[in-house]
1. Among the residues of region 179-199, which ones are part of a helix (DSSP H, G or I), among the hydrophobic types (A, V, I, L, M, F, W, C) and crowded, with 18+ Cβ neighbours inside 10 Å?
2. Would you mind stating whether Ile26 is in contact with a helix residue (DSSP H, G or I) (Cβ under 9 Å, 6 or more places away or on another chain) and either at negative phi or touching a residue at least 60 places away in the same chain (Cβ under 8 Å) (or both)?
3. Scanning for something over 30 Å from Ile26 (Cβ atoms), in a loop (DSSP other than H, G, I, E, B) and aliphatic (A, V, I, L, M), does region 103-121 turn up at least one residue?
4. Given the options Ser37, Ser68, name the one that is without any contact (Cβ under 8 Å) to a residue 12 or more places away in the chain and part of a helix (DSSP H, G or I).
5. Select from region 4-34 the residues that are small (Gly, Ala, Ser) and assigned to a helix (DSSP H, G or I) and write down the one among them that is nearest to Gly190 (Cα to Cα).
6. Quick one: Phe214 ticks every box in (1) touching a helix residue (DSSP H, G or I) at 6+ places or on another chain (Cβ under 6 Å); (2) modelled with pLDDT under 95; (3) closer than 21 Å to Ile64 by Cβ except a single one, so which number is it?
7. With the requirement that a residue be touching a residue at least 60 places away in the same chain (Cβ under 8 Å), assigned to a helix (DSSP H, G or I) and charged (D, E, K, R), what does region 71-96 give you?
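The values are calculated or read from the model by the stated rules, or taken from the named source; none is laboratory data. Bear in mind that the values here come from a model prediction, so they are computed numbers and not experimental data. Note: ideal-geometry Cβ built from the backbone for every residue, glycine included; neighbour counts use all protein chains shown.
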Amino acid sequence: MSNIQLSEEELRRLSTRKTLLWFGIISIIMLFAGLTSAYIVRQSEGKWAQFELPNMFIVSTIIILLSSIPMQWSVSAIKKGRADNLVKGLIITFLFGTAFVFTQYLAWSELFGQGIAFSSRLSDIKVDYTYVPAGQETAEQAGGIGNVSASFLYAITALHILHLAGGILALFVVLSRSVRKKYTSAEFSGVSMCATYWHFLGILWVYLFFFLFFVR
């Protein structure tokens with residue numbers, strides 16, 4: 001174990017970075033809380049299509065949950081001074097992250113092929129769905145209106161991908177520094193904060209997946 005001590009200035013910078021990280025996480029939570037609340041309110045107003053989610057979203061969920069294992073392994077490795085395992089864990093996490101993005105793309109492609117796009121109409125849907133009316137109108141009568149439920153689905157999943165892209169970028173920076181042996185068992189705050197954000201993104205997606213699965 002290294003006996004290197006951080007200076008007061010370094011400790012101050014570290015505290016600032018941690019504060020910014022948690023401020024960012026809280027802001028993201030508020031953003032998605034607002035989006036899912038708006039989803040529920042709009043759904044209750046009717047003129048809403050309920051359709052099945054692609055199975056690729058299930059695959060995405062499994063992938064992002066699994067990605068937390070090598071990420072946490074990386075933290076444990078550098079705590080023990082194992083820089084080689086740190087790099088391996090980060091590479092595996094990076095691969096899981098890109099696989100998650102790819103499966104999300106496949107899910108969107110499947111939806112698009114079913115006529116369910118961000119700016120589509122109910123009449124464009126090519127698969128079975130349940131129509132929730134606002135009054136006495138039928139699905140056929142409401143076919144010309146926009147598919148609002150699809151718009152919400154794309155907005156929520158795309159915003160998560162956008163924040164995950166930030167996580168992948170942070171992961172790449174930490175990986176680059178790890179290859180150059182910038183982290184030690186005494187100072188690995190960059191790895192730890194990256195792991196915190198990555199685990200948060202995984203938990204956030206699990207929440208969004210179950211929300212979209214059960215609140216249709």
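1. If the condition is that a residue be part of a helix (DSSP H, G or I), among the hydrophobic types (A, V, I, L, M, F, W, C) and crowded, with 18+ Cβ neighbours inside 10 Å, then Val191, Met193, Cys194, Ala195, Trp198 are the ones that fit.
2. Taking the combined requirement at face value, the residue does not satisfy it.
3. yes
4. Matching residue, one of Ser37, Ser68: Ser37.
5. If we take residues in region 4-34 being small (Gly, Ala, Ser) and assigned to a helix (DSSP H, G or I), then Ser15 is nearest to Gly190 (Cα to Cα).
6. (1)
7. Of everything in region 71-96, just one residue is touching a residue at least 60 places away in the same chain (Cβ under 8 Å), assigned to a helix (DSSP H, G or I) and charged (D, E, K, R), namely Lys79.
A quick yes/no check of all residues on (1) aromatic (Phe, Trp, Tyr); (2) surrounded by 16 or more Cβ atoms within 10 Å (Cβ to Cβ); (3) touching a Cys at 6+ places or on another chain (Cβ under 6 Å):
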{"position": "Ile125", "(1), (2), (3)": "no, yes, no"}
{"position": "Glu137", "(1), (2), (3)": "no, no, no"}
{"position": "Leu153", "(1), (2), (3)": "no, yes, no"}
{"position": "Phe172", "(1), (2), (3)": "yes, no, no"}
{"position": "Leu201", "(1), (2), (3)": "no, yes, no"}
{"position": "Phe211", "(1), (2), (3)": "yes, yes, no"}
